Ligand SMILES: [Ca+2]
């Protein structure tokens, strides 16, 4: 291990030495060879009961890169596929981006152009909620994720993210407001407040990231992108820039004192992890730890478990290539001071939203991450054992999937992308004794 890598390794555990990591991280570029992996742990191939003998992915890869670790890509699919019944329970959404269940079983949905809509339990789409700020809905931008305050039942607070028009371009912004309903399926936002702005702003229409994950400790994670262009992507490695990061903030937008770069004058104190490209899928695991799936370049979508202060590699190390076919940077899949992805997809799946499956309707998916695929046109079910992927199952849905949620009934709900967006409900085929009827 190089000196820099070993110092970075030692430094990652304490906030006190985080500034040291910061200084050295800049030096730990692709020129540093040989690569070290700070992922640690055992590297024997993980296996699972019920794993089959062939991968879920059947298409040829787009790159010639080889994985560093066993089961880091093309993990076996389960020996038995999960039979699924799919029903359309909501129709007529205009480019929906995210959904959440309200405590009473209704849904709250964002539409990219800037609408928040309530959806009744019978699937009726409401007229919309007034008071949403102006969004920049060009390209990948718009009104994006939504999350409920953990105390929503009493405080009625929602958090939402959007690409905000700014003086010099746009950027991802996180706001909160109180949802006040009108009893007719609509309502308005009150006490609107921007709590966090990703900076710098940039004139572009790509890679806004935007998933919001409320954590068990009352803090929020917000994922963002690096704005895609070659001119900006390098800022994913720059701790003074807000591009290409996962942030951790409190519900007023302040950096918690136990963040890895808190108190540093060279890094943004809201940063949790860095070196990300465009994270649009994020969820907590059963231990309350954050996991993300991120859009990579061609052949380089990744599953990561972001840990405080660590560097997830983009654009220095990646398993993907440019869509033109060119290599990215030095064309390396490992670099000193960067963390290997837990898993990667080549070809890409286009990870959108994700949820931890905790219901009882699908025992085969217990504790799996269900990841929406914009490119794979379905859901990708990833089973883990000890932070390693053991199986990957594909659930084809013939639609670009924008978000995935698990209902209190144990059914899986997937929101489809584009005009005429729908919400699909997945139940076990032939076995939906509970929750099989729409109510
Ligand atoms: Ca990475």
Problem set entry | Positions within region 262-287 being within 11 Å of the ligand (Cβ to nearest atom) and not in a loop (DSSP other than H, G, I, E, B), in sequence order | 273, 274, 279
Problem set entry | Search result, residues across region 198-240 that are in contact with a helix residue (DSSP H, G or I) (Cβ under 7 Å, 6 or more places away or on another chain) and assigned to a loop (DSSP other than H, G, I, E, B) | 226, 239
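Would it be correct to say that residue 252 is surrounded by fewer than 23 Cβ atoms within 10 Å (Cβ to Cβ), more than 14 Å from the ligand (Cβ to nearest atom), under 16 Å from the mean Cα position of the chain (by Cα) and farther than 24 Å from residue 60 by Cβ?
On the way: surrounded by fewer than 23 Cβ atoms within 10 Å (Cβ to Cβ): yes; more than 14 Å from the ligand (Cβ to nearest atom): yes; under 16 Å from the mean Cα position of the chain (by Cα): no; farther than 24 Å from residue 60 by Cβ: yes.
No, not satisfied.
Show me the strands (runs of 3 or more DSSP E) entirely contained within region 288-398 in which 1 or more residues are at pLDDT 95 or above and away from the ligand (no atom under 16 Å from the Cβ). Explain how you work it out, then say what you get.
Working: elements: 290-294, 301-304, 343-345, 351-356, 369-373, 378-385, 388-396.
It comes to 351-356, 369-373, 378-385, 388-396.
The values are calculated or read from the model by the stated rules, or taken from the named source; none is laboratory data. Model, not experiment: these values are computed from the prediction. As a convention, Cβ positions derive from the backbone with ideal geometry for all residues, glycine included, and neighbour counts pool all protein chains shown.
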